[in-house]
Each structure stands twice: as C-alpha cells, then as structure tokens.
Amino acid sequence: MKLLLAGGGTAGHIEPALAVARGWIATHPEDQVCFLGTSSGLEITLVPKAGYTLLTIPKVAISRRLSPSLLKVPIQLATSILATMKHLNQVDCAIGFGGYVSAPLYVAAKLKRVPYVIHEQNAKPGWSNRIGALMTPFVAMSSPVENKGFHKAILTGLPLRGDVISAISQAQGDWNTARIEAKQRVCKRYALSADHPLVFIFGGSQGSQAINKVIYESQPELTAKGYSLLHGVGKANEIPTANPYYKAVGYIDEMADCYLAADILISRSGAVTCAEATALSRFTLFIPLPIGNGEQALNAKALVAAGRARLIDQKDFTSEWLTNNIDGLLSESRRRPAEGETSGVHATDKIISIIEQAAGVK
C-alpha cells in the first residue's frame with residue numbers, strides 16, 4: 001500500500017504526522033509512506049531528515065485579515081488541488097493533520113475518490129479540517145471538539161514523538177528518580193546548576209519574541225532569586241550571553257529530558273506542546289498565542305483543570321509579573337505529584353486503526 005500524509009508549516013502539524021508514519025511502517029513494513037508539503041515550511045527539513053519522501057505543492061496563502069491577497073486564493077487553491085491530484089496516483093489512503101497543506105489534499109482526494117483520514121490536534125479546529133471533516137467519515141481528534149463535523153470523531157489523543165514515549169516508559173517505575181536524573185543530565189549538558197530550581201522556557205520551534213523579551217528583561221532578577229534558566233529562543237533569534245544560571249539556545253533536541261527535568265515549564269500552548277507537557281511536565285505556565293482562532297487557550301484547558309498548569313494572556317505576561325509570581329509557580333509545582341500522564345502512548349495505534357479501516361486493510 002501507499003499512504004500520503006499532509007502536515008506542513010509548523011512542527012505542530014508535522015510531528016504528529018511523523019509519529020503516525022513511524023507507527024505505520026513499524027506495523028506495515030512493506031508499505032510506502034510519503035508526505036505532502038510546500039517548499040517553504042518546516043517540512044522541507046523535518047520530513048527528509050526523518051527518512052521520508054516529501055512531495056511539494058504550491059502554497060495557498062490565506063491572510064487572517066481582509067486583504068487584496070484574498071482575491072488570489074481561488075486560483076492558488078485550484079493550482080494546489082491539481083498538483084495534489086497528481087501526487088495521489090497509486091495512493092491507497094491519505095491522512096491530513098490540518099494546516100494549509102491539508103485543504104488541497106481533502107478536495108483532491110474527494111475528487112479522485114481516494115479515502116482520507118483527518119486528525120485534529122487542537123481543541124478548536126482550523127478551517128481546513130472543518131471543511132474536510134464534512135466529506136469523510138474517518139475523523140480523529142486529540143481532545144473533544146465542539147463542531148458539527150466532529151460529532152462522530154474518535155477521540156485518539158495526539159501522537160507523541162518517540163523520545164517522549166521512551167521517557168514515559170522509563171519513568172513509569174519511579175517518576176521522582178526519573179525527574180532527578182533528567183535534571184542532572186540537562187544541567188550538565190547546558191552547564192547549569194542542578195541544585196537550583198530549573199525553569200525551562202520554550203516558545204516553539206521558531207521561538208516567541210514576546211516571551212523572549214520578558215525572559216531577557218526578568219533574567220537578572222530570576223537568577224538572583226536562585227533559579228536556573230534554560231531558554232529555547234528559536235532558531236532565527238539572537239542567542240543572549242550565557243552565565244552560570246542562564247543558558248539560551250536556538251533549538252533543543254532533548255525535549256523529553258527537558259520536560260522531565262524542569263520544575264517549571266513556560267511555553268506557548270500549541271497542541272503538541274500541551275500533549276507533551278501532559279505526558280512529562282510537572283507544572284506549566286502557558287502563554288497562548290494571541291492570534292489565530294483561540295485554539296491555544298482551549299488546548300491548555302485540561303491541564304489547568306487538573307491543577308498542573310496556569311494560563312496567562314500575553315498582554316499580562318510581563319517581567320514584573322513573572323518576577324513577582326515565580327516563587328508561587330514553584331510552590332504550585334512542588335505540590336503536584338511527580339507522575340506524568342501515560343494515556344498518550346496509545347494515540348498512534350488508535351489512529352493507525354482508523355487508517356486501516358479507511359484503506360480497507362483486513
């Protein structure tokens with residue numbers, strides 16, 4: 001069989017797709033898995049690095065605001081659909097994970113009568129998955145979604161990366177020891193003190209300038225309070241000068257270790273980050289991205305309700321607020337159990353089961 005997976009633009013769409021691809025090949029080693037994307041998103045790097053073929057289509061650029069560029073969308077969409085239809089030759093099943101690459105896939109698959117599966121990561125689906133869900137019975141979701149196209153969707157959870165699943169497996173015997181050992185590894189790797197509370201700041205694969213600014217401004221006071229700070233600033237952003245209590249890096253590969261090690265995680269609340277924080281982090285301060293359709297605030301809702309996270313609007317997240325509240329956040333973290341949440345390890349298997357049903361695999 002041949003599968004075509006679409007998840008482009010951000011790591012939030014690509015990483016779950018890669019997890020499903022790995023899971024499918026593990027159970028169907030003779031099959032072929034390809035990816036659909038554009039030449040401008042992170043998929044151009046992440047997909048080939050993972051060992052999969054990336055087939056590209058023209059990008060459909062849709063402005064979030066009224067703009068003359070919207071007049072070009074119908075032509076761009078038609079061009080992308082036609083390009084996608086060519087890539088669907090000999091494809092037995094297509095799987096979309098949302099984002100601008102998925103909409104052309106859903107329309108093209110419907111036109112070519114290729115069965116397709118949708119997986120929605122966010123608590124509030126984007127426009128491409130909302131439209132696509134109206135045309136297929138095979139819909140999965142990471143968390144409950146209130147939308148008419150998702151009323152029959154199967155709750156699967158979000159597919160986790162291999163390092164996160166491995167960390168869960170190793171930690172289940174003794175979460176306290178796993179956190180202590182992870183903190184020692186992370187602090188040694190980044191030349192920080194493991195004797196101080198560790199704050200891990202991560203604004204996503206591209207970083208967050210708004211979060212970075214607050215951390216830059218509050219760093220002297222936070223380190224004076226005795227905190228160690230590990231700061232993922234994003235690949236394209238300037239790396240600030242390190243000191244014995246503060247280390248900034250452009251990109252972090254050892255995410256599972258950092259989640260386990262941190263006494264406090266400060267991050268955006270994208271679907272992937274929320275799923276990984278649910279699995280491994282002890283306590284998180286979420287600053288939802290203020291643009292979009294409000295999905296990031298909803299993504300964090302379950303962790304906040306469980307007492308394992310706090311949510312703050314970006315406009316309220318200032319250096320003064322952080323320095324005044326960091327001790328309270330640490331106290332909340334220390335009151336939380338060391339255990340993470342293990343249910344996410346089964347998400348990939350559940351999605352694979354839906355794909356098998358859609359593709360007619362017996």
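Take THR241 and tell me if it is in a helix (DSSP H, G or I) and over 20 Å from the mean Cα position of the chain (by Cα). So THR241 fails the test.
The single residue among THR53, THR79, THR84 that is of a type outside the set (A, V, I, L, M), modelled with pLDDT of 95 or more and over 23 Å from ALA140 (Cβ atoms) turns out to be THR53.
Among the residues of region 100-140, those that are over 20 Å from ILE291 (Cα atoms), hydrophobic (A, V, I, L, M, F, W, C) and touching a helix residue (DSSP H, G or I) at 6+ places or on another chain (Cβ under 6 Å) comprise ALA103, LEU105, VAL107, ALA108, VAL117, ILE118, ALA133, LEU134, MET135, PHE138, VAL139, ALA140. Each residue in region 265-282 was checked for being part of a loop (DSSP other than H, G, I, E, B) and not small (Gly, Ala, Ser), and 2 pass.
If you scan region 112-138, which residues turn out to be of a type outside the set (D, E, K, R) and surrounded by fewer than 24 Cβ atoms within 10 Å (Cβ to Cβ)?
Result: VAL114, PRO115, ALA123, GLY126, TRP127, ILE131, LEU134, MET135, THR136, PRO137, PHE138.
Residue count for region 151-160 satisfying the condition of being surrounded by fewer than 21 Cβ atoms within 10 Å (Cβ to Cβ) and touching a residue at least 24 places away in the same chain (Cβ under 8 Å): 1.
Quick grid of which residues meet (1) in the same structural domain as ALA277 (by TED's automatic domain parsing); (2) in a helix (DSSP H, G or I); (3) loosely packed, with under 15 Cβ neighbours inside 10 Å:
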{"residue": "GLN184", "(1), (2), (3)": "yes, yes, yes"}
{"residue": "LEU192", "(1), (2), (3)": "yes, no, no"}
{"residue": "ILE201", "(1), (2), (3)": "yes, no, no"}
{"residue": "ILE211", "(1), (2), (3)": "yes, yes, no"}
{"residue": "SER218", "(1), (2), (3)": "yes, yes, no"}
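Go through region 267-302 and report how many residues are farther than 15 Å from GLN121 by Cβ and of a type in the set (A, V, I, L, M, F, W, C). Of the residues in region 267-302, 6 are farther than 15 Å from GLN121 by Cβ and of a type in the set (A, V, I, L, M, F, W, C). Of the residues making up region 329-340, at least one is among the acidic types (Asp, Glu) and either on the phi > 0 side of the Ramachandran plot or assigned to a helix (DSSP H, G or I) (or both). Of the candidates ALA359, ALA347, ALA338, the single residue that is under 17 Å from MET1 (Cβ atoms) and in contact (Cβ under 8 Å) with a residue 60 or more places away in the chain is ALA359. Selection of region 23-43 for residues being in contact with a strand residue (DSSP E or B) (Cβ under 9 Å, 6 or more places away or on another chain), assigned to a helix (DSSP H, G or I) and touching a residue at least 12 places away in the same chain (Cβ under 8 Å) yields TRP24, GLU43. One residue alone among ALA271, ALA242, ALA300 is at pLDDT below 95 and in contact with a Cys (Cβ under 6 Å, 6 or more places away or on another chain), and that residue is ALA300. For the criterion of being more than 16 Å from the chain's Cα centre (by Cα), in a helix (DSSP H, G or I) and either assigned by TED's automatic domain parsing to the domain that holds VAL20 or under 29 Å from PRO115 (Cβ atoms) (or both), ILE326 fails. The residue of region 293-314 that is surrounded by the most Cβ atoms within 10 Å (Cβ to Cβ), among those that are on the phi < 0 side of the Ramachandran plot and small (Gly, Ala, Ser), is ALA300.
Can you go through LEU230, LEU285 and tell me which one is over 17 Å from ALA309 (Cβ atoms), modelled with pLDDT of 95 or more and part of a strand (DSSP E or B)? Working first, answer last.
Values: LEU285 fails: over 17 Å from ALA309 (Cβ atoms).
Only one candidate passes the filter, namely LEU230.
For region 248-264, the count of residues that are assigned to a strand (DSSP E or B) and buried (at least 24 other Cβ atoms within 10 Å of the Cβ) is zero.
The values are calculated or read from the model by the stated rules, or taken from the named source; none is laboratory data. The structure presented is a predicted model; accordingly, all values stated were derived computationally and were not measured. Positions of Cβ are generated from backbone atoms using ideal geometry, with glycine treated the same way; all protein chains shown enter the neighbour counts.
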